[in-house]
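The values are calculated or read from the model by the stated rules, or taken from the named source; none is laboratory data. Predicted model, so just to flag it, every value in this text is computed and none were measured. Cβ placement follows ideal geometry from the backbone for every residue including glycine, while neighbour counts extend to all protein chains displayed.
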Amino acid sequence: MNERRRIVSLLAAGLLGIVGTSSAGTGIVGCEPAGEVPVSVSLQPPSGASLAGVKITLDYPEGRVAIPGWQNAPEVQDRITGVPKDFLVAPNDTDTQLIVSLAGVTGLPTGEIFRVRFDRCQGGEPVSASDFHCTVAQASDPQAKLVKGATCVVHTPTADRRDAHAE
């Protein structure tokens, strides 16, 4: 059990600690909520690799969607769901992108690793998955060693289910 705690501590320090803060403010001015836009993010580790920690940057179309609050405020945390069991999550909203770090002691599943509920801004154009861009900024294996080559994909529940691929 001590080894598990050590690994979680390393992952938390290495991934959750680098989330940082934003000087962006407290929200996009003029975004009057007019419903919600659900988005899910899927993870694809490199071939043969198991990932126990990731830091994902999700750029979103500000002015068309928003998240109430900023940084890691409770309002931001409440918008992140579907995180795999036994994984720590640390979201950080900068008002132009959402940075989500996940850490655990076992491998993350391939496929969906979290969901986000964005507010749709009144008067904003409809959004699709291609309006969101995700990047795996950092990833590590269960031994807390950095791993390159992981990718993420954004999904929205649109009629044609277009996906936005990222690096």
For this session: Give the range 39-82 a look and list any residue that's charged (D, E, K, R), under 16 Å from Cys134 (Cβ atoms) and in contact with a Lys or Arg (Cβ under 9 Å, 6 or more places away or on another chain), or say none.
Result: Arg79
For this session: Return a yes/no flag: does the range 48-66 have any residue that is in a loop (DSSP other than H, G, I, E, B), crowded, with 19+ Cβ neighbours inside 10 Å and of a type in the set (Val, Ile, Thr).
Result: no
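Within the range 78-95, restricting attention to residues that are loosely packed, with under 14 Cβ neighbours inside 10 Å and under 30 Å from Glu32 (Cβ atoms), which residue is modelled with the lowest pLDDT?
By that ranking, first place goes to Asp78.
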Exercise. Restricting attention to the range 119-146, which residues are under 29 Å from Ala103 (Cβ atoms), crowded, with 17+ Cβ neighbours inside 10 Å and either touching a helix residue (DSSP H, G or I) at 6+ places or on another chain (Cβ under 8 Å) or free of Cβ contacts under 8 Å to residues at least 60 places away in the same chain (or both)?
Worked result: Gln138, Ser140, Pro142, Ala144
Exercise. Would you pick out the residues in the range 78-90 that are free of Cβ contacts under 8 Å to residues at least 40 places away in the same chain and within 11 Å of the chain's Cα centre (by Cα)?
Worked result: Arg79, Ile80, Thr81, Val83, Val89
Problem set entry | Selected residue (criterion: nearest to Leu58 (Cα to Cα)) from residues of the range 68-125 that are touching an Asp or Glu at 6+ places or on another chain (Cβ under 9 Å) and polar (S, T, N, Q) | Gln97
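Name the residue that is nearest to Ser47 (Cα to Cα), counting only residues in the range 78-115 that are of a type in the set (Val, Ile, Thr) and in a strand (DSSP E or B).
Ile113
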